[in-house]
1. Could you go through region 97-106 and let me know if any residue there is acidic (D, E), part of a helix (DSSP H, G or I) and not assigned by TED's automatic domain parsing to the domain that holds R310.
2. Which residue out of L277, L291 is of a type in the set (A, V, I, L, M, F, W, C) and surrounded by fewer than 23 Cβ atoms within 10 Å (Cβ to Cβ)?
3. For region 237-258, what are the residues that are of a type in the set (K, R) and surrounded by 19 or more Cβ atoms within 10 Å (Cβ to Cβ)?
4. Yes or no: I77 modelled with pLDDT of 80 or more, among the β-branched types (V, I, T), over 23 Å from the mean Cα position of the chain (by Cα) and exposed (fewer than 15 other Cβ atoms within 10 Å of the Cβ)?
5. Kindly list, by first and then second residue, each pair from a residue in region 61-79 that is farther than 19 Å from V114 by Cβ to a residue that is charged (D, E, K, R), limited to pairs with Cβ atoms under 7 Å and residues at least 6 apart or on different chains.
6. I'm checking my understanding of the structure. Among residues of region 217-236 that are exposed (fewer than 14 other Cβ atoms within 10 Å of the Cβ) and hydroxyl-bearing (S, T, Y), which one is farthest from E148 (Cα to Cα)?
7. Of all residues in region 264-279, which are aliphatic (A, V, I, L, M) and in a loop (DSSP other than H, G, I, E, B)?
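The values are calculated or read from the model by the stated rules, or taken from the named source; none is laboratory data. Here the structure is a predicted model, which is why all the values come from computation and not from measurement. Cβ placement follows ideal geometry from the backbone for every residue including glycine, while neighbour counts extend to all protein chains displayed.
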Amino acid sequence: MMLREGFGCLRRGWLDKHGGPENAQRVAPHQEPPAYIAKRCDGCRWLKHCQTHPEAAHDVSLLNGTNAKTHNNLREIGIETLQHITELSPAELRAVKGIKTTAEAHHAQARAWVTGQPIWFDAMPDALRSGGWMFDIETIPTMTYPAELVVWSIGWGNPSDDYTVVVVAPRYAGESYESDGLTIHAVRDVHSAWRRMHSAVEADNTPIYHWTSFDRSGMKATAEPEVYAAMESRLHDLHSTVNKMMRFPAMGTSIKTIGRYLGFEWAGYDSFMQAYLDYRAWLTRGSLPHLTQAAQYQIDDVKALVHLWRYLMQTAPSQ
């Protein structure tokens, strides 16, 4: 219990006091607290250093999709760390209150953290091998309730590195721009944006991938019914599929978290709010650099999906 409650902050204090790992090891090597990684470490500037520590312990709170109640249930029976979980079988883990059908997935993630490697625990669906299209949407941030979904940008692409971004901008409707191999189209409304995407992907019948149900819901809510119906059967939530077959040693399952773990980097920033502000700056001032920055962010989310798909093709276990 003391490890869980104290060592994370003690180690951060030790590193802060001495100006980082190298200096701390030089001036106070015998004062080094053990590395103990927990969910609350997310955002700490020393997290990557602690993750490379060969004897780092990993708290059960690192299991994605679990809550404090489940963590307490584990601790009550003496399971404090992910190492403890790896010493159980999935069947034994399933007996813990709060863990039933997710036992295999949680066991895989525990092994992923302990080994520092992604762990497959189920076969990859054959449908993924056919390739396909990836898409992502950007929406206007809103504080209203219920939230109104307003799509201002749609980006799509495929493993052939054919990428397009469409932005909703009545003032500039009909204009197109090229930036570093990326095509950006301005259209008068979101219906026009979805029709343009449909025209681009309708030539084949391959899957259209997205990350979480948000993008699918966004399409259903803002595309014309006939346009949504034309693409609906091809939509594939890659987030759901990945979560059903493998786990990464990472905090969370956002595409940014997984993409970065796999070595993908966003070319500029990775902030949806900054992208929206750049989009607004282009709308009001006609500043093309702002548009290209917003579009680059949009398409990097799509490229991250392509990067992940390629990783899956390279590493999927043979069936």
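1. Filtering region 97-106 for residues acidic (D, E) gives 104.
Restricting the remaining residues to those that are part of a helix (DSSP H, G or I) gives 104.
Then drop every residue that is not not assigned by TED's automatic domain parsing to the domain that holds R310, which leaves 104.
Yes, region 97-106 has at least one match.
2. Details: L291 fails: surrounded by fewer than 23 Cβ atoms within 10 Å (Cβ to Cβ).
Checking each option against the conditions leaves just L277.
3. Matches in region 237-258: R247 only.
4. yes
5. If the second residue must be charged (D, E, K, R), the pairs left are N73/K97.
6. So, considering only residues that are exposed (fewer than 14 other Cβ atoms within 10 Å of the Cβ) and hydroxyl-bearing (S, T, Y), the one farthest from E148 (Cα to Cα) is S233.
7. Passing the criteria: only A267.
Residues are listed down the side, and each one gets a yes or a no for (1) within 21 Å of the chain's Cα centre (by Cα); (2) under 18 Å from F272 (Cβ atoms); (3) β-branched (V, I, T):
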residue	(1), (2), (3)
D126	no, no, no
I154	yes, yes, yes
W194	no, no, no
S213	yes, yes, no
